[in-house]
Structure formats: structure tokens, C-alpha cells
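Right, one structure below, let's go through it.
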Amino acid sequence: MNPLTLATLRLMGDGAFHSGEEVAAALGVTRATIWNAVREAGELGIEVESVRGRGYRLDDPPVWLDAAAVAKLLGPRARRFHVEVVEHVDSTNSALLKRAEAGGAPGTVLAAELQSAGRGRRGRSWASGLGGALTFSLLWRFEQGAAALTGLSLVVGIAVARALASLGAADVRLKWPNDILHQGRKLGGILIEVRGDALGPTAAVIGIGLNVRMPPALEARIDQPVTDAVQAGAGGDRNRLLAAVLQELAELLDAFARDGFAPLEPEYRRWHALQDAPVLVNLGDGKPVRGHARGTADDGALIVETSEGVRRFHGGEVSLRAVSGEG
Ligand code: BTN
């Protein structure tokens with residue numbers, strides 16, 4: 001993304017008309033450059049209204065990410081985090097992993113207005129529009145080894161679900177291991193990457209992507225039903241959303257480091273969209289396992305009751321889906 005694209009959009013944050021000449025003069029560039037910025041904004045999901053003789057206007061200007069606003073909303077909990085906002089990065093997880101390996105401080109939060117190579121689970125990509133999603137990663141350090149962190153993504157899911165609900169979202173659910181759903185459509189996802197020794201200590205990069213205001217053109221390119229925070233009722237202020245998620249994470253990550261996942265299992269079960277539902281577990285070997293989801297074990301493994309007995313599945317490469325039309 002050209003840095004001038006964001007600068008141009010920021011100048012139009014009041015929702016009023018601005019002539020190309022005025023914006024060009026304010027940024028010290030030509031009108032043609034502004035025209036290009038407006039075109040790029042459209043490609044990235046922000047439609048700028050253009051009226052001959054009046055100029056450009058943003059109908060519904062996004063609330064841009066603002067580290068100071070997030071710190072203010074966090075209040076006393078702000079000291080647990082160091083929030084950084086960047087305009088453009090390949091992937092906040094990739095960037096923070098490099099910092100984790102170089103000794104980055106726990107509590108570092110990297111939030112981006114736009115990711116050019118956002119990553120999802122199972123090697124997929126994660127697409128989001130400029131200003132239309134909350135994409136961030138949090139670096140957290142644990143004394144425990146990676147084996148003790150298997151329930152972490154479920155705990156992070158609880159934090160996100162609680163945060164969305166606290167902002168007014170109704171009918172938010174989690175789908176094991178780490179999808180965030182609203183009315184069965186995907187609102188967001190979690191990608192956790194862990195580095196460190198088998199016995200600890202470990203550094204976890206907790207990546208969270210939430211659709212906030214999904215541009216229709218982007219929605220059409222995604223191969224599954226999706227929704228966003230605005231449709232779910234949580235509003236479109238990404239600073240509020242980020243602060244709410246961090247607030248819940250501060251509490252839940254402490255509890256998880258101290259007591260593990262087991263005490264949080266009953267809450268996860270309540271958020272789980274497929275609790276007691278008929279499911280298909282895909283292990284990637286062409287032989288999906290059929291059964292009923294029956295909660296999660298102390299280590300976060302999904303418990304599935306099958307006709308051949310109870311089986312447990314760990315996150316990683318497994319995918320889960322509901323089987324419709326069965327009791
Ligand atoms: C999934 O559902 O597959 C997980 C999606 C995780 C996306 C987030 S966006 C912020 C962070 N940076 C990334 O590259 N990925 C995660």
C-alpha cells in the first residue's frame with residue numbers, strides 16, 4: 001500500500017467533501033497522486049465518493065487504530081501491554097515472531113491497518129480490507145514448555161468471545177479449536193505460534209484476526225460464510241475492540257499460566273457452537289471421523305464420542321465441521 005493512501009483517507013476522516021486540490025496541497029503531492037490514492041483505497045475495500053466540482057468524501061470513515069486511545073481505554077491494565085500500530089506489514093504474527101526470537105518484551109502488541117500476507121491456520125492465507133478488520137498479535141511468555149500450552153488457543157477464544165459480548169455482540173460462539181462465529185458465520189480466527197524449549201520457557205505469538213466491517217467485494221472472495229463485528233452488534237470501533245480483547249486476555253492468560261486450561265473448560269463448553277452436535281473431524285488422511293462433540297479435555301483436546309468409543313483430537317492440522325440433519 002502506498003503510504004499516501006492512508007494519509008489521504010485520514011484527511012477525509014470528517015466525512016465532509018475535500019477537493020483533490022486541497023488534499024494534494026495538504027500532503028504536498030499532485031492531484032494525480034491523490035486520484036491514485038483514492039483508486040487504491042477502493043481496491044483495498046474503502047470506497048471514496050467522488051463528485052465532480054465538490055471533490056472526494058468518505059461516507060462512513062473508519063475509526064483508525066490509535067495506540068494512545070487503546071492505552072486510555074485499558075486504564076490500569078495498560079501497563080501489562082505495549083501497543084504498537086503500524087500501517088502496513090506482511091503479517092503481524094511473522095513480524096512479532098522475529099521480535100520474540102530477538103528477545104522482545106512480553107505484552108508487546110502489534111496491530112496493523114493492513115496485512116499484505118496475513119496467515120491463517122493450516123497454511124491458509126487470511127484476507128482483510130484496509131480499516132475493515134482488527135488484525136493484531138500479542139507476544140506472551142510462559143515458564144511452561146509447548147506441551148503445556150495446547151489449551152492456549154481455546155483460552156484466547158474465550159477472551160475474544162467475552163470481549164465481543166461485552167461490547168454488545170449477541171450470539172457469539174466458538175468453534176473448536178479457534179474459530180469465532182456469529183450466527184454460524186466466521187467472524188474471526190486465532191493463530192498461535194510458539195517458540196522455545198520443549199520444557200520451557202516459551203514465547204507465544206497470539207495472532208487474532210477479526211472482521212469488523214467486511215467489504216462486500218472481499219466477502220465474495222472468501223470461500224466460507226463470513227460476518228463481522230458490526231453485524232454481530234459489537235460496533236465498528238477497532239480501538240475499543242482491541243482494548244476489550246486485551247483486557248480479557250490479561251485476566252485469562254494469568255489464570256491459564258497459573259492453573260492451566262482445566263478450570264476454564266466449562267466456560268469453553270458454553271461458548272462452543274458444536275457442543276453435543278454431530279460432527280465430522282477431518283484429519284487430512286481422507287478418512288474423516290464421525291461422532292458427537294462432547295466438550296474438551298484438560299489439555300484442550302476435543303472429545304468426540306464415536307460408534308467405536310470416545311476419541312480425543314488435538315488442534316494442529318485437524319478441522320471440524322457440523323453434520324447437518326443428524327441428531
Ligand atoms: C484462522 O482462522 O485461520 C486464523 C486466522 C488468524 C489471522 C490473524 S490476523 C493477525 C495475525 N497475523 C497473521 O498473519 N495471522 C493472524
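Being outside the structural domain of residue 134 (by TED's automatic domain parsing), hydrophobic (A, V, I, L, M, F, W, C) and out of contact with any Phe, Trp or Tyr (no Cβ under 8 Å at 6 or more places or on another chain): is that true of residue 262 here?
On the way: outside the structural domain of residue 134 (by TED's automatic domain parsing): no; hydrophobic (A, V, I, L, M, F, W, C): yes; out of contact with any Phe, Trp or Tyr (no Cβ under 8 Å at 6 or more places or on another chain): yes.
Judged against the criteria, residue 262 is not a match.
Please go through region 125-138 and pick out each residue that is out of contact with any helix residue (DSSP H, G or I) (no Cβ under 9 Å at 6 or more places or on another chain) and within 8 Å of the ligand (Cβ to nearest atom).
Start the filter on region 125-138 by keeping residues that are out of contact with any helix residue (DSSP H, G or I) (no Cβ under 9 Å at 6 or more places or on another chain), which leaves 125-126.
Passing the criteria: only 126.
Quick one: in region 54-70, of everything that is open to solvent by less than 40 Å² (accessible area, probe 1.4 Å) and among the hydrophobic types (A, V, I, L, M, F, W, C), which residue is farthest from residue 234 (Cα to Cα)?
First pass over region 54-70, keeping only residues open to solvent by less than 40 Å² (accessible area, probe 1.4 Å): 55-56, 58, 61-62, 64-65, 67, 69-70.
Imposing the further condition that a residue be among the hydrophobic types (A, V, I, L, M, F, W, C) reduces the set to 58, 64-65, 67, 69-70.
Values: 58: 22, 64: 16, 65: 16, 67: 20, 69: 18, 70: 16 Å.
In this case the residue turns out to be 58.
From the set of residues in region 91-103 that are more than 21 Å from residue 241 (Cβ to Cβ) and in contact (Cβ under 8 Å) with a residue 60 or more places away in the chain, which is nearest to the ligand (Cβ to nearest atom)? I'd like the intermediate steps shown before the answer.
Step one: of region 91-103, the residues more than 21 Å from residue 241 (Cβ to Cβ) are 94, 97-103.
Narrowing the set further to residues that are in contact (Cβ under 8 Å) with a residue 60 or more places away in the chain leaves 97, 100-101.
Values: 97: 10, 100: 13, 101: 16 Å.
Residue satisfying both the conditions and the ranking: 97.
State yes or no: is residue 99 modelled with pLDDT of 95 or more, of a type in the set (D, E, K, R), within 25 Å of residue 319 (Cα to Cα) and assigned to a helix (DSSP H, G or I)?
No: the conditions fail for residue 99.
Which of the following residues is β-branched (Val, Ile, Thr) and farther than 23 Å from residue 153 by Cα: 109, 86?
86
Would you point out the residue of region 125-137, among those that are of a type in the set (Ser, Thr, Tyr) and assigned to a strand (DSSP E or B), that is most open to solvent (accessible area, probe 1.4 Å)? Break it down into steps so the answer makes sense when it comes.
Of region 125-137, the ones of a type in the set (Ser, Thr, Tyr) are 125, 128, 135, 137.
Those still in the list that are assigned to a strand (DSSP E or B) too: 125, 135, 137.
Details: 125: 98, 135: 3, 137: 0 Å².
Looking at residues that are of a type in the set (Ser, Thr, Tyr) and assigned to a strand (DSSP E or B), I get 125.
Counting only residues that are open to solvent by less than 10 Å² (accessible area, probe 1.4 Å) and more than 6 Å from the ligand (Cβ to nearest atom), how many does region 105-124 have?
Counting residues in region 105-124 that are open to solvent by less than 10 Å² (accessible area, probe 1.4 Å) and more than 6 Å from the ligand (Cβ to nearest atom) gives 6.
Every residue in region 220-268 that is β-branched (Val, Ile, Thr), assigned to a helix (DSSP H, G or I) and open to solvent by less than 40 Å² (accessible area, probe 1.4 Å), please.
Residue satisfying the conditions is 245 alone.
Quick one: residue 160 ticks every box in (1) within 15 Å of the chain's Cα centre (by Cα); (2) more than 24 Å from residue 301 (Cα to Cα); (3) among the aliphatic types (A, V, I, L, M) except a single one, so which number is it?
(2)
Being closer than 26 Å to residue 95 by Cβ and either away from the ligand (no atom under 11 Å from the Cβ) or within 16 Å of the chain's Cα centre (by Cα) (or both) narrows it down to one residue among 223, 171, 179; which is it?
179
Here is a list of conditions, (1) in contact with a helix residue (DSSP H, G or I) (Cβ under 9 Å, 6 or more places away or on another chain); (2) away from the ligand (no atom under 16 Å from the Cβ); (3) open to solvent by less than 70 Å² (accessible area, probe 1.4 Å), and residue 141 meets all of them except one; can you say which number that is?
The one condition residue 141 does not meet is (3).
What number of residues within region 86-102 satisfy the criterion of being open to solvent by 50 Å² or more (accessible area, probe 1.4 Å) and in contact with a strand residue (DSSP E or B) (Cβ under 9 Å, 6 or more places away or on another chain)?
Of the residues in region 86-102, 5 are open to solvent by 50 Å² or more (accessible area, probe 1.4 Å) and in contact with a strand residue (DSSP E or B) (Cβ under 9 Å, 6 or more places away or on another chain).
Which one of the conditions (1) open to solvent by 40 Å² or more (accessible area, probe 1.4 Å); (2) touching a Gly at 6+ places or on another chain (Cβ under 8 Å); (3) more than 26 Å from residue 163 (Cα to Cα) does residue 51 fail to meet, given that it meets all the rest?
Residue 51 satisfies every listed condition except (2).
Test residue 288 against the criterion of being open to solvent by 30 Å² or more (accessible area, probe 1.4 Å) and at pLDDT 95 or above, and give yes or no.
In short, no.
The values are calculated or read from the model by the stated rules, or taken from the named source; none is laboratory data. Everything quoted here is computed from the prediction, not taken from an experiment. Positions of Cβ are generated from backbone atoms using ideal geometry, with glycine treated the same way; all protein chains shown enter the neighbour counts. Just the protein is used for accessible areas: all its heavy atoms, side chains included, with ligands, DNA and RNA removed. Shrake-Rupley method; radii C 1.70, N 1.55, O 1.52, S 1.80 Å.
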